[in-house]
């Protein structure tokens with residue numbers, strides 16, 4: 001490809017719901033394949049890719065907890081759902097010739113490697129896509145927080161948050177025609193305005209470590225590659241003075 005990547009190492013946070021497509025539950029093989037193809041294009045640019053996938057297409061711990069299930073049990077079930085998504089994504093990527101490793105925060109050696117930070121970094125250095133599964137391995141923490149934590153542990157240059165809309169808005173653009181999209185926000189603006197970018201713990205972690213976040217629409221084919229190559233897509237959440245790498 002003629003495009004040039006502007007980042008050497010990225011962490012991509014992908015919601016579990018993104019994998020279900022229009023079927024409303026589970027994993028849509030066509031959607032899975034499309035996302036895998038986009039990731040493969042990024043890998044072919046020489047970018048080191050870490051991936052965190054949620055589990056909401058299979059099980060949502062918070063929703064189950066709200067209906068009376070013990071929160072800890074519900075969260076552990078949600079972590080297991082992320083492992084299922086990680087294994088599915090691994091299969092889709094390897095069918096495209098992309099070498100991957102699934103690293104799980106909950107040990108299940110027959111399915112995935114245990115999460116060890118140095119091992120994850122080594123896999124990335126060798127050009128393997130690393131898929132982090134089972135969140136942080138602890139209840140009460142979301143996969144958003146896991147993505148922020150893992151991104152900093154492996155020294156990613158940016159955290160990409162793939163969503164169904166083209167950035168962060170002042171209100172739900174699906175419900176309000178007059179919703180305004182932000183091109184840039186500070187971490188404090190996200191927290192003070194309760195904007196639904198990522199949960200507050202994840203935003204605070206990124207703020208404390210100056211890790212920029214790009215929130216963008218992943219439904220348009222090629223958008224992951226475009227963001228990596230410097231196109232000003234979506235909304236940037238970053239410290240003062242940080243500028244996106246330009247194309």
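The values are calculated or read from the model by the stated rules, or taken from the named source; none is laboratory data. These numbers come from a predicted model, not from an experiment. Here the Cβ positions follow ideal geometry from the backbone for every residue, glycine too, while neighbour counts run over all protein chains shown.
Some points to look at:
- Selection over region 7-26 of residues that are at pLDDT below 95 and either over 13 Å from the mean Cα position of the chain (by Cα) or surrounded by fewer than 18 Cβ atoms within 10 Å (Cβ to Cβ) (or both) gives a count of 8.
- Residue among 227, 237 that is surrounded by 16 or more Cβ atoms within 10 Å (Cβ to Cβ) and within 16 Å of residue 14 (Cα to Cα): 227
- For region 122-148, the candidate set comprises residues that are assigned to a helix (DSSP H, G or I) and out of contact with any strand residue (DSSP E or B) (no Cβ under 9 Å at 6 or more places or on another chain); within that set, the residue that is nearest to residue 60 (Cα to Cα) is 145.
- Qualifying residue in region 47-62 (condition: part of a loop (DSSP other than H, G, I, E, B) and more than 23 Å from residue 135 (Cβ to Cβ)): yes
- Within region 69-107, the residues that satisfy the criterion of being outside any helix (DSSP H, G or I), surrounded by 14 or more Cβ atoms within 10 Å (Cβ to Cβ) and either at pLDDT 95 or above or in contact with a strand residue (DSSP E or B) (Cβ under 7 Å, 6 or more places away or on another chain) (or both) are 96, 98, 100, 101, 102, 103, 104, 105, 106.
- Among the residues of region 202-216, those that are more than 14 Å from the chain's Cα centre (by Cα), assigned to a helix (DSSP H, G or I) and farther than 15 Å from residue 52 by Cβ comprise 204, 207, 208.
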